[in-house]
Amino acid sequence: QKEVEQDPGPLSVPEGAIVSLNCTYSNSAFQYFMWYRQYSRKGPELLMYTYSSGNKEDGRFTAQVDKSSKYISLFIRDSQPSDSATYLCAITTSYGKLTFGQGTILTVHP
Amino acid sequence: DTGVSQDPRHKITKRGQNVTFRCDPISEHNRLYWYRQTLGQGPEFLTYFQNEAQLEKSRLLSDRFSAERPKGSFSTLEIQRTEQGDSAMYLCASSLVDRREQFFGPGTRLTVL
């Protein structure tokens, strides 16, 4: 079993839809959570960082963490074609290496 | 504030050859990380440095792989006697020593023929 599980999709939604992306993890020592966006053949770009259970909002993006269930989510409101990318969750225990999910491929069509 | 840069962006080599990649982190970042990403997968950790000290290495980093950060600034990742299984995107990231967020470069795409 992988330490971080993420449904690879692909996920296809119409423009304007609300997108929900999810990861589960197995190690309760994981305490810090990030979401990255990766366009094709580019490096990952940090979108959100959070360390506590609950919600964190930044513009159209909301990161949600439920440590009791070991479940994290990223919501994208009013999705745009430019949001089409691979979304990666990344989790860490402390300073040091990130453990990534497989990534979810998202396509937002006009 | 310039981001993380990597060179080259693409490398094609024949099996058995040695290759070296370079990473320049964000200037004030003390920590530098190397990851490898294969198609359809998330990045996998290889190793990281704090200043010039290599603090952790993954078991993915076989003895054919070596990384250095001699002056605590740029880093190099060398792969000796490349194999077709080494074909991947090699990503470098950097962070401040007291921050967990890591910022990635564009990657070096390696193809081993």
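Every read-out reported here was derived from the displayed coordinates using simple, explicitly stated rules and does not represent laboratory data. Nothing here was measured: the structure is a model prediction, and the numbers come from that model. Don't worry about glycine lacking a Cβ; one is built from the backbone with ideal geometry, like all the others, and counts go over all protein chains shown.
Summary of values
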{"item": "Rel. contact order, % - alpha carbon contacts under 8 angstrom, at least six apart, the stretch B:1-90", "result": "32 percent"}
{"item": "Convex hull projection area averaged over all views, the stretch A:1-55, Cα basis, nm²", "result": "5.3 nm²"}
{"item": "Gaussian network model of chain B, Cα within-10 Å springs - most flexible of B:68, B:78, B:28", "result": "B:28"}
{"item": "Neighbour-count ranking [beta-carbon atoms within 10 angstrom, fewest first] of A:48, A:34", "result": "A:48, A:34"}
{"item": "Pairwise label distance in nanometres, residue A:78 with residue B:5, each label 7 Å out on the Cα-Cβ vector", "result": "3.6 nm"}
{"item": "Which of A:37, A:60 has the fewest Cβ neighbours within 10 Å, and the rest in rising order", "result": "A:60, A:37"}
{"item": "For chain B, share of DSSP beta bridges that run antiparallel, in % to the nearest 5", "result": "90 percent"}
{"item": "Values of log10 I(q)/I(0), in the order q = 0.07, 0.13, 0.18 Å⁻¹, for the protein assembly as shown under a Debye, Cα-only, solvent-free model", "result": "-0.22, -0.76, -1.32"}
{"item": "The stretch A:39-110 - Rg and Dmax from Cα coordinates, angstrom", "result": "13.0, 40"}
{"item": "Separation between Cα centres of the stretch B:52-113 and the stretch B:12-44, rounded to whole Å", "result": "4 Å"}
{"item": "Segment residue A:29-residue A:42, length gained on full extension (0.36 nm per residue, minus Cα span)", "result": "1.7 nm"}
{"item": "Cα pair count fraction exceeding 17 Å, expressed as % - chain B", "result": "50 percent"}
{"item": "Length-normalised contact order of chain A in % [C-alpha pairs under 8 Å, at least 6 apart]", "result": "38 percent"}
{"item": "Ranked B:15, B:36, criterion: other C-beta atoms within 10 Å, fewest first", "result": "B:15, B:36"}
